[in-house]
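Everything below concerns the one structure shown next.
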Amino acid sequence: LRCLILLFGCFARARARACVCALSSPPSSSSSSLFVPGHSGMVRCLHVHPQEHLLLSGGRDKTVRVWSLSNHGDGSSCMSSRLEYRKHQKPVSFVHLVERTGAVASFDGSVHLWDPESGYRLKQMEFRPSVTTVAALPAPYPQLVVASSDGNLKFIDVRVGRMQHEFRLLNQTGQVRCLCADASGHVIAVGYSTGYIALIEQRTGTMLGFWRGHDADVLQIRSPAEHHLVTSSTDQMIYLWHNSSSSARVEDKVSVFRGHTEAVHCLSFLNENIVSVSTGSKLGMHSSMDDQAVFQSWKIKNEVFKGAITSVGVLPANRLLLLAGESGQIALVA
């Protein structure tokens with residue numbers, strides 16, 4: 001593992017793209033990268049534009065920052081964020097650029113919709129009862145889904161800035177901890193504090209599946225492909241599930257990914273690899289999404305990245321990772 005450059009901060013030099021490879025060795029303590037914080041407090045969320053030219057980061061400092069992911073000089077000079085959105089009143093835990101509209105959606109207990117070029121706020125949406133977590137449907141869908149503390153799923157149409165429809169989760173057990181839409185956008189996966197997982201058809205509200213997937217809180221739920229989910233939990237397990245719409249209410253645990261000895265609180269996918277970060281800030285990678293996956297892990301040295309890792313992003317086309325931390329810094333690694 002090489003630390004190419006610490007953002008923002010700085011961005012990688014042009015020739016970095018030619019030398020990117022799979023993670024294979026620990027970061028060098030002699031790295032000459034510049035250590036410059038991106039936020040004045042913990043970075044809680046990252047979002048990379050699918051074309052990998054734009055990064056959004058949200059933090060405990062109540063700001064969302066917009067960064068240009070482009071080569072900057074020879075890679076040794078500093079650059080600042082191109083825009084800071086400062087209209088949140090609380091720490092920001094979710095940020096997403098909705099491709100269909102070009103608007104940014106960010107969340108601090110309320111949803112803000114705003115223009116990433118000017119920072120102009122288009123809409124602010126408050127919720128009663130309170131919202132516990134937010135997810136975005138994949139492009140081309142212009143919707144967000146939010147889970148409220150009473151167990152409802154509310155769908156927001158970003159184009160008009162209002163709620164589109166609402167579903168009551170009848171099999172609710174515990175508090176909703178995490179949400180995601182599968183890669184098709186047709187199914188919403190819900191992870192609960194009790195370890196249960198629910199699958200909801202997003203157009204009709206039909207319950208497609210409901211089962212206990214973990215022995216404790218579901219921390220992360222992600223969809224690498226249609227009908228597939230990867231989940232992690234405080235029980236320290238990572239599972240791959242297959243759910244076919246043609247076999248409603250049948251859940252098949254396809255693979256178990258072992259390796260971490262702590263709970264995994266960050267999950268992402270870098271092409272065929274599963275990227276994970278444990279609560280002890282160990283960066284892990286499973287080489288494939290099956291039982292033959294080889295696991296490697298690294299404890300990032302303080303000389304390269306200070307403090308705990310709190311969020312992770314990926315640039316699949318360039319095979320790069322973005323790591324964000326409790327100190328506010330963001331690192332680009334290969």
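Here are the numbers:
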item	result
Hz values of 3J(HN,Hα) by residue in the stretch 253-268 - Karplus curve (6.51, -1.76, 1.60), Gly and Pro given as x	7, 7, 9, 10, 9, 9, x, 6, 9, 9, 5, 9, 10, 10, 9, 7
Net charge, G38 excluded, C-beta distance under 15 Å - Lys, Arg +1, Asp, Glu -1	+4
Of all accessible heavy-atom area on the stretch 179-334, the percent that carbon and sulfur account for (1.4 Å)	46
Label-point gap, in nm, between S297 and T206 - each point 7 angstrom along Cα→Cβ	4.1
Summed side-chain charge close to F257 - residues other than F257 whose Cβ falls under 10 Å, Lys, Arg +1, Asp, Glu -1	-1
Approximate spin-label separation K87-V256, in nm, with each point projected 7 Å along Cα-to-Cβ	4.9
Neighbour-limited loop hits for trypsin sites (Lys or Arg not before Pro), the stretch 261-334 (at most 15 other Cβ within 10 Å; DSSP other than H, G, I, E, B)	K301
Whole-number percent relative contact order across the stretch 191-242, with pairs defined as alpha carbons under 8 Å at least 6 apart	28
Links that overshoot a 26 Å alpha carbon limit, given the list K62/K154; K90/K154; K123/K306	K123/K306
Environment charge of V111, counting only residues whose C-beta is closer than 9 Å and scoring Lys/Arg +1, Asp/Glu -1	-1
Per-selection metrics, the stretch 212-334 (Cα): Rg and Dmax in Å	14.7, 51
Built amide H within the under 5 Å cut-off of F94, gap 5+	F107
Per residue, in Å², the accessible surface of the stretch 114-260 once ligands and nucleic acids are set aside, probe 1.4 Å	43
Where Rh is the Kirkwood radius over Cα pairs, Rg/Rh for the stretch 117-230	0.97
Amide H contacts of G325 (H built 1.01 Å from N, under 5 Å, at least 5 apart or other chain)	V43, T310
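The values are calculated or read from the model by the stated rules, or taken from the named source; none is laboratory data. Just so you know, these numbers come straight off a predicted model, no measurement behind them. Backbone-built Cβ (ideal geometry, glycine too); neighbour counts: all protein chains shown. Heads up: the accessible areas ignore ligands, DNA and RNA and are worked out on the full protein's heavy atoms, side chains in. Shrake-Rupley method; radii C 1.70, N 1.55, O 1.52, S 1.80 Å.
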